[in-house]
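Engineer: Have a look at this one.
The values are calculated or read from the model by the stated rules, or taken from the named source; none is laboratory data. Since this is a predicted model, take the numbers as computed values, not measurements. Cβ coordinates were reconstructed from backbone atoms using ideal geometry, including for glycine residues, and neighbour counts include every protein chain displayed. Surface areas here come from the heavy atoms of the whole protein model, side chains and all, with no ligands, DNA or RNA. Shrake-Rupley method; radii C 1.70, N 1.55, O 1.52, S 1.80 Å.
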Amino acid sequence: MFAPLFLGFDLSTQQLKASIIDAHENLIIERSVHFDSDLPHHGTSNGAISGDRDGEMVCPVVVWLESVDICMQRLKEAGAEFGRVLGVSGAAQQHGSVYWNSRATSLLASLDPAKSLEDQLEDALSLPHAPLWQDSSTTAECRALEAEVGGPQNLADTTGSRAYERFTGPQIKRLFDYQPDDYANTSYISLISSFVASIFLGKIAPIEIADASGMNLMNIETGKWDEKLLKACGGDSLRGKLGGEPVSGGTVLGTVSKYWVERYGFNEDCIVAPFTGDNPSSIVSLSNPGDAILSLGTSTTLLVSIPPSDSHPVYMTTSHILAHPTTPGGYIAMLCYKNGDLARKAIRDRHYSGDWAAFDESIQKSPPGNDGYLEFYFLHKEIIPDGVIGEYAFKNGKLLAENDTALTSSGAASYARAVCESQLLSIKSRLAHILPHASEPLHRCIVTGGASNNLTILQMVADVLNMPVYIATTSASATLGGALLAKYAWWKQARDAPEASFEEMRKESTGSGKDLKKVVDPREGVTKIYDALLDPYQECEDIVISMNQSSTDS
């Protein structure tokens, strides 16, 4: 018997990455396709294209089809032994959706191994573009959906989140209300994650439960579609278009279609497990209960794994609660910010000539608390706080005029420190509120994403959040999470143990926990400075929110 391998994918905003691991969770091969640089003919910028409506952000679905073709070829050229791969799963950017027409089922089932996916599946789509998580064009639909259930808090109590423009339900509602012919021509709707799973399965795959939590359509406590929300977003036909109830991660959906066996030499017994969202996949890959994961990527995202308990998590209108992908009754608490690395890079380019070393040096030379200066940078409409946009500077709680030169003339304060402190103080101000009341304190923060190699920023994370900071020794947390979900489904099936836990599987593996390294500890005196800044920070944020509301009302 050969030693099995497991294949995981991560279709993120800007690239597709694939990782193959062995049964001990060792990374064997990793390859990627960057949408902008590898596929420039599609015209994406940072993996997206602006649509016709204000705030609309989409990606041509053909970009993802072509990227799978190229990524598989690169794995093959790297010597991947597909015949040893016994499980495939993965992750994708959350909330985005793909729309299939009536030809989809027959085209998926009859793929010609002599042809590429791009050549065969473009005709299976009812819409050529997929809305993305960056989309902010569905505000009217969000408010209508909240009104349907009695307000944003009621929607959060049902689904784990209030209505957000990027969530799939409001996106579907806009199509249903304003493009009825396109909606009628849509036979199935997939999340991006279940879209990729469908390609490997050769039929429409069900939506995975953690990723379904980001749609405003699923009851967070039952894990089933909510009938009232389905009808509000897509009428009586939406249930059928979603292809069945959500399924848990680690479920065996079937085996890879003949296309993969004949084109790439996959083992015909290779199972396909549900693909999840990128954030739940990072939870699977990296954390244990009591851990926080802070992703400092294009967006900034905080994730906390909550084990099953007698008390439910706190449902709020400024955070998200997701179903856990592998632990029935468990949850993931999430804070998500759109202006993460986008804002940090903008400040780097504007004030430090695009040089990260100069950015870091500015932080190092400035005091914690930034000499009383606090700045908010919302280059795009933000998620938390909702809908705010613009740049706002404060000195000791006083709003500065737009042309005020106080910060530039100060030798102590730093633009770089200002952007990082404001982002982290926002997280700190909300962290305690999103956990169940009886929760133990979080004991470590695992940082991922592009800024996880920046020791200056990591030290500030430790100081502000008062937790030791660990980093992943691999940059592929979402792809490894996908590969682990594939292994988990195969492992349960091989042992005929459908109730066996993900944690049991990882305890058997010599690889469990080996991909984390502690890098910095919080400094007690500095943490106290940030503790004292929480109330002033909240007062300044409230002013920014009020200014945006006044602007909207006028």
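Engineer: Looking at this structure, is Leu217 at pLDDT 95 or above and either closer than 20 Å to Glu148 by Cβ or open to solvent by 10 Å² or more (accessible area, probe 1.4 Å) (or both)?
Structural biologist: Values: at pLDDT 95 or above: yes; either closer than 20 Å to Glu148 by Cβ or open to solvent by 10 Å² or more (accessible area, probe 1.4 Å) (or both): yes.
In short, yes.
Engineer: Conditions: (1) within 30 Å of Ile446 (Cβ to Cβ); (2) among the β-branched types (Val, Ile, Thr); (3) in contact (Cβ under 8 Å) with a residue 60 or more places away in the chain; (4) surrounded by 20 or more Cβ atoms within 10 Å (Cβ to Cβ). Thr301 meets all but one. Number of the miss?
Structural biologist: Just one mismatch for Thr301, condition (3).
Engineer: Does Lys228 qualify as being open to solvent by 50 Å² or more (accessible area, probe 1.4 Å), of a type in the set (Lys, Arg) and in contact (Cβ under 8 Å) with a residue 24 or more places away in the chain? Before the answer, list the steps.
Structural biologist: Values: open to solvent by 50 Å² or more (accessible area, probe 1.4 Å): yes; of a type in the set (Lys, Arg): yes; in contact (Cβ under 8 Å) with a residue 24 or more places away in the chain: yes.
Yes: the conditions hold for Lys228.
Engineer: Only one of these is assigned to a loop (DSSP other than H, G, I, E, B), small (Gly, Ala, Ser), touching a residue at least 12 places away in the same chain (Cβ under 8 Å) and open to solvent by less than 20 Å² (accessible area, probe 1.4 Å): Gly243, Gly250. Name it.
Structural biologist: Details: Gly243 fails: open to solvent by less than 20 Å² (accessible area, probe 1.4 Å).
Step by step, each of Gly243, Gly250 is checked, and only Gly250 is assigned to a loop (DSSP other than H, G, I, E, B), small (Gly, Ala, Ser), touching a residue at least 12 places away in the same chain (Cβ under 8 Å) and open to solvent by less than 20 Å² (accessible area, probe 1.4 Å).
Engineer: Yes or no: Ile209 among the β-branched types (Val, Ile, Thr) and within 23 Å of Ala486 (Cβ to Cβ)? Explain how you work it out, then say what you get.
Structural biologist: Values: among the β-branched types (Val, Ile, Thr): yes; within 23 Å of Ala486 (Cβ to Cβ): yes.
Yes; evaluated as a whole, the condition is true for this residue.
Engineer: Sticking with this one: Among Ala130, Ala140, which is the only one that is free of Cβ contacts under 8 Å to residues at least 60 places away in the same chain and small (Gly, Ala, Ser)? First the steps, then the outcome.
Structural biologist: On the way: Ala130 fails: free of Cβ contacts under 8 Å to residues at least 60 places away in the same chain.
From the options Ala130, Ala140, the qualifying one is Ala140.
Engineer: Still on this structure, please answer the following. Just need a number here: residues in region 487-542 that are under 30 Å from Phe378 (Cα atoms), among the hydrophobic types (A, V, I, L, M, F, W, C) and in a helix (DSSP H, G or I).
Structural biologist: Here the count works out to 6.
Engineer: While we're on this one: With the requirement that a residue be open to solvent by 10 Å² or more (accessible area, probe 1.4 Å), assigned to a loop (DSSP other than H, G, I, E, B) and in contact with a Pro (Cβ under 6 Å, 6 or more places away or on another chain), what does region 314-332 give you?
Structural biologist: Listed by number, the residues that qualify are Thr317, Gly329.
Engineer: Out of Ser136, Ser194, I need the residue that is in a helix (DSSP H, G or I) and either touching a Lys or Arg at 6+ places or on another chain (Cβ under 7 Å) or open to solvent by less than 10 Å² (accessible area, probe 1.4 Å) (or both). Which one? Can you show your working first?
Structural biologist: Working: Ser136 fails: in a helix (DSSP H, G or I).
Only one candidate passes the filter, namely Ser194.
Engineer: Related question: What number of residues within region 267-285 are buried (at least 24 other Cβ atoms within 10 Å of the Cβ) and not in a strand (DSSP E or B)?
Structural biologist: Residues meeting the conditions: 12.
Engineer: At least 3 residues that are modelled with pLDDT of 95 or more and open to solvent by less than 10 Å² (accessible area, probe 1.4 Å) in each: list the strands (runs of 3 or more DSSP E) lying fully within region 21-102 that qualify.
Structural biologist: On the way: elements: 27-34, 57-60, 85-92, 97-100.
Filter on region 21-102 gives 85-92, 97-100.
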